[in-house]
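The values are calculated or read from the model by the stated rules, or taken from the named source; none is laboratory data. Fair warning: this is a prediction, and the values are worked out from it, not measured in the lab. Cβ placement follows ideal geometry from the backbone for every residue including glycine, while neighbour counts extend to all protein chains displayed.
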Amino acid sequence: MIIVDEERIFREIREKNPASVSLNGPDGILPQVQDTAMRITAKFGIPAYVLADTTWGTCDLNTNGAKVLGSDIQFNIGHTINTESLDETILIDAFDDVDFDDVAKKCTEILQGKTVSLVTDSQHLNQIDRVEKILTDGKVKVKIGQGKGQLNDGQVFGCEFYPASELKSEVDAYVFLGQSNFHAAGVALSTNLPTYVLDPYFNEVREVTEFAQKLKRKATLAIYKAAEAHTFGVIVGLKEGQLSKVFALKIKKELEEQGKQVQLFALTDITNDRLRNLRGIDAFIQVACPRISTDNQFDMPVLSTPQAKALLRILRKEDVGEYLEISHWL
Ligand code: SF4
């Protein structure tokens, strides 16, 4: 069950006495966000709006939605990082209290004698110490990488893997706590080491290394297809933490130096449906969330930032390189 730190929300409301508030959170915990909003209104008698658009990370807080609504406080729930607020938005912890004991014991049977690094997402950070003890008792050597930037120790985002990368030369494998193949595949791609998901809901230890390799093959194919394109669309993402105009203009210039035509676009949600409306473009480069390109299906090549850098290397007749084996894909 997801436990939202409502006490902190209530404390902030008592201290700041807002006329209205807004709340958002990842899709998976929207029901809990709804419940919290109802409790705020019942307790304080103020409107509490659930901003039900996506919020994929602290890169995508939808502060603009809160501004348009005119809410005095915006609470973003469930993207725990190493700070309690970002600009005007108050970040609220939401932890999953699911029990990892059984699945962690299963893991010791598979990885006994190995050295692993434990990694996880925001919702399961609270479980790292307990799982570390179970694995260690089961003769698995455990290391936990240090946090960096917004990341806590052992935490990874879908495009940022510092605690994992720093231990790459010291471990045999990675063990991700939670259900997210998405995060675990990112770890596998950025480290090129076997990666397992410890899924407490299915009580299952599953390896995602092959799944990650499939994503990589798809990403590489898109790069080679894009190398044949004449006209490129370079897309700037309009989500506040994903805005990267400088890189968009840089890549435009570099593609033009290679004889390519480039048109600039800006989009909030970069989807195949939106791109289908645009004409005369052979391939796109989007400089917002890299996982849009690696994890979704598009009718034509839509490259992320690391893929775009690899594309430029190909166009310059250089080696494509291990373009995803980096700590941060932006
Ligand atoms: S993977 Fe995408 S949504 Fe997640 S932190 Fe990175 S840019 Fe944001």
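One line per residue, one yes/no per condition, for (1) within 14 Å of the ligand (Cβ to nearest atom); (2) surrounded by 13 or more Cβ atoms within 10 Å (Cβ to Cβ):
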position: Ser244; (1), (2): yes, yes
position: Lys252; (1), (2): no, yes
position: Gly259; (1), (2): no, no
position: Ala288; (1), (2): yes, yes
position: Leu311; (1), (2): no, yes
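Based on what the data block shows, is Gly321 in contact with a Cys (Cβ under 6 Å, 6 or more places away or on another chain) and either among the β-branched types (Val, Ile, Thr) or at pLDDT below 95 (or both)?
In short, no.
Here's a check for you: in region 221-242, which residue that is β-branched (Val, Ile, Thr) and over 17 Å from Lys317 (Cα atoms) is surrounded by the fewest Cβ atoms within 10 Å (Cβ to Cβ)?
Selected residue: Thr231.
Looking only at strands (runs of 3 or more DSSP E) that fall completely inside region 1-79, which ones have 3 or more residues that are at pLDDT 95 or above, more than 16 Å from the ligand (Cβ to nearest atom) and farther than 25 Å from Thr120 by Cα?
Passing ranges, in order: 48-50.
Among the candidates Thr294, Thr271, which residue alone is within 16 Å of the ligand (Cβ to nearest atom), more than 19 Å from Val320 (Cβ to Cβ) and of a type in the set (Ser, Thr, Tyr)?
It is Thr271.
Could you please tell me which pairs satisfy a Cβ distance under 7 Å, a separation of 6+ or placement on different chains, a first residue in region 263-291 that is part of a loop (DSSP other than H, G, I, E, B), and a second residue that is of a type in the set (D, E, K, R) and within 16 Å of the ligand (Cβ to nearest atom)?
Taking only residues 6 or more apart or on different chains, the pairs are Thr268/Lys239; Ala288/Lys239.
Out of the residues in region 274-286 that are more than 25 Å from Gly65 (Cα to Cα) and in contact with a Phe, Trp or Tyr (Cβ under 8 Å, 6 or more places away or on another chain), state the one that is farthest from the ligand (Cβ to nearest atom).
Asp282
Read through the list (1) closer than 21 Å to Cys59 by Cα; (2) free of Cβ contacts under 8 Å to residues at least 60 places away in the same chain; (3) surrounded by fewer than 24 Cβ atoms within 10 Å (Cβ to Cβ), then give the number of the only condition that Lys114 fails.
It fails just one condition, (1).
Do you know which residues across region 222-242 are part of a loop (DSSP other than H, G, I, E, B) and more than 16 Å from the ligand (Cβ to nearest atom)?
Ala227, Glu228, Ala229, His230
Which count do you get for residues in region 305-330 that are farther than 16 Å from Val156 by Cβ, touching a Phe, Trp or Tyr at 6+ places or on another chain (Cβ under 8 Å) and in contact (Cβ under 8 Å) with a residue 60 or more places away in the chain?
Count: 4.
How many residues are assigned to a strand (DSSP E or B), within 16 Å of the ligand (Cβ to nearest atom) and at pLDDT below 95 if we restrict to region 80-100?
1
Could you please give the count of residues in region 274-286 that are farther than 21 Å from Ser327 by Cα and surrounded by 16 or more Cβ atoms within 10 Å (Cβ to Cβ)?
5
Find the residue count for region 1-29, including only residues that are over 16 Å from Ala66 (Cβ atoms) and among the aliphatic types (A, V, I, L, M).
Counting residues in region 1-29 that are over 16 Å from Ala66 (Cβ atoms) and among the aliphatic types (A, V, I, L, M) gives 5.
In region 119-171, which residue that is outside any loop (DSSP other than H, G, I, E, B) and within 17 Å of Pro26 (Cβ to Cβ) is nearest to the ligand (Cβ to nearest atom)?
Only one residue tops the list, namely Glu160.
Output the number of the condition that Ala185 fails; it satisfies all remaining conditions of (1) within 30 Å of Glu88 (Cβ to Cβ); (2) modelled with pLDDT of 95 or more; (3) within 16 Å of the ligand (Cβ to nearest atom); (4) touching a strand residue (DSSP E or B) at 6+ places or on another chain (Cβ under 9 Å).
With (1) within 30 Å of Glu88 (Cβ to Cβ); (2) modelled with pLDDT of 95 or more; (3) within 16 Å of the ligand (Cβ to nearest atom); (4) touching a strand residue (DSSP E or B) at 6+ places or on another chain (Cβ under 9 Å) applied to Ala185, the lone miss is (1).
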